[in-house]
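I have placed the structure first, in the form of structure tokens, so that the comments after it can refer back to it.
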Amino acid sequence: MVREANNGAGMTKQSYDYDVVIIGGGPSGSTCSTILKKYNPGLRVLILEKEKFPRDHIGESQLPGINTVLVEMGVWDKVEAAGFPIKIGASYTWGKNNDQWDFDFYPVEQWRDEPRPAKFEGQREYTAFQVDRGVFDKILLDHAREMGVDVREETLVTEIMRDGDRITGLKLQDGSVVTGKYYVDGSGVVGSIRRAMDVGVWVPDQLKNIATWAYWENAEWALEIGVGATRVQVRSLPYGWVWFIPLGPTRTSVGVIVPAEHYKKTGLTPEALYKKGLSEQPEISKLLRNATMDGEIQSCKDWSQLCDRLYGDNWFLVGESAGFADPILAAGMYLAHQSSRDVAYTILELERGQLDADWLRKRYDDRTRGCIKTHIRFGQFWYSANGCFTDLRDYCSEIAKSAGLKLTPAQAWRWLSQGGFASDNPNKALFGLWDVEAAKGTIQKCLGHDQVDEIKYTIDEFNVFKLNLKGAKKDMLGDLVEGRIVTSPCFRRGERVLPTIGFYGDVIRVLERESSMEKILPMFMRIAAAYGKTGQRAVGLAYMLIQTLEAMVSDGWVNCTVDKSKPLLNRKGSDHMIRWANETVEAMKAQNPDVSYTQNI
């Protein structure tokens, strides 16, 4: 519950060296500190980073959602100026039948070559970067310095000093102690504060992997779209998968991921396992035939995990210290940026003291843990869909059991493939970072051609829809807007949340007036017109409202029935974002012959 609070921080007044002390100078630390200084320049913010930048780091493949955070930080233009490859999507060899398919953020046949560096507008709002982390992370850290953040590199924290659940200071390698009003753990999988504060961690058995990787010079790009645009490559092995991520004109990150149990059984060294994996993946081997390895083969534990809690009396966990979702979904950097931004907003509100401190902390914990958990769950499905398990439905039941649910295989499949879309984001129905169309389309491709009917929208089979708020309680959500957490009403039933603003609010108001689909659709189009949309843009916005309705049905906020005297929806979803690879090639030839589309595998 939100209420006026005289002391949002819940702390007694005393002297601190800094207002906020952040462990880790990676994207989490840079994002959190920059957002803090942007909206409250008077805050004293310190970053403690044990290494000297630049330094290599995996996690190079980004998602489009990161761009809006970079824009808010004021650093997008600097990142664009670095000339990183434009990620328009990903190409997969994955799924029940080992098919080749593409997942594009933007319809490749509509792509237009533009001079670079470009502005964050038009088609660039839908793409992402593939970054050399040594360069990218330094750009962000230097930008934080320019914003007034005190950055200390090559400074190791040797002890987290604590009194119960409160941190009293950080002891550094030189013996000095730094104190802060708030502490943020952006140390990644090291989890300096997480370990010191004895925070429990959930590690799903199905996602205990080992990652091996190296950097290559002069590898051929698997795909070149015009000038500078490409897709990452995710190619499966019988026992794992390979990533191939161009980082620039000549440098490429190539990695092999296998289950930890497989690694143990082989008895191979990480170096031997890496070379074996590449040799057995023909598409990637072809791209590396004229390339040379730059540096040594590296390896690390690659276990998905989620912390039991993400905050304490005066501390927060962000990024990979809070949780890690398998890199198959490329969500790690997005989760790092978003969780760090969220904590910055939370601290800003704690300082203002206008919102209840306990509510603010719990809101961050619920939102971030929920998003990480969803990605772990989808990662479990993704691996199970790669032909490693004989019965996908039975395995979905195991996934549900690991999440604390006792479901039959059929029930578990529905839970995974249809449920969990409604979230506390009022602007879009999401399954983690995926909208309804993307999540369902991905599931379709993983299942293969012979099971495409499995993931039809639930609303396709009905035409009467009634709002169901039985057992729901009124609650409040917080949305991050220009440095403030703006509260809005919602309904909550168990773990399910129904926002009452944005697209959700639009659908709720429609269902309060009409229940028949033949009347609902025209109302959706009128809403699109009210937003100032016309033509295809109006159709696209109306389709977002349809996705929102599907999410509300999947989460039980809407009951469905059939009136045989009235037509069904006859919905036709978009098919230009997730397609079989040959369909993408044909679309390019037919619709955009002016932009080159060169495949080297």
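Worth a mention:
- Added length on full extension, which subtracts the Cα-Cα distance from 0.36 nm per residue, Lys52 to Ser596: 191.8 nm
- Residues whose amide H falls under 5 Å from that of Ile86, counting only those 5 or more places apart or on a different chain, are Ala229, Thr230, with hydrogens built in the peptide plane.
- A viscosity of 1.306 mPa s and a temperature of 10 °C, combined with the Kirkwood radius over Cα pairs in Stokes-Einstein, give a translational diffusion coefficient for the stretch 517-563 of 141 µm²/s.
- Difference of contour (0.36 nm per residue) and Cα-Cα distance, Phe120 to Asp198: 23.9 nm
- Quotient of C-alpha Rg and 2.2 N^0.38 Å, computed over the stretch 216-287: 1.19
- Charge context of Trp241, other residues only, Cβ under 11 angstrom, K/R +1, D/E -1: 0
- Along each principal axis, taking the top coordinate minus the bottom one, the Cα set of the stretch 75-191 gives 58, 41, 22 Å in descending order.
- In this label model, Ser285 and Ala529 are separated by 6.1 nm, measuring between points 7 Å along each Cα→Cβ vector.
- Length gained on full extension, Thr292 to Asn98, computed as 0.36 nm times the residue gap minus the Cα-Cα distance: 67.0 nm.
- Its Cα centre serving as origin, the stretch 464-561 has a Cβ charge dipole (Lys and Arg +1, Asp and Glu -1) of approximately 200 debye.
- Three-way shape label, the stretch 497-601, alpha-carbon gyration tensor, a/c 1.5: prolate
Here, each number is a calculation from the coordinates, and none is a lab measurement. Every value quoted in this text rests on a predicted model; they were computed, and no experiment measured them. Cβ atoms come from the backbone with ideal geometry, glycine included; neighbour counts cover every protein chain shown.
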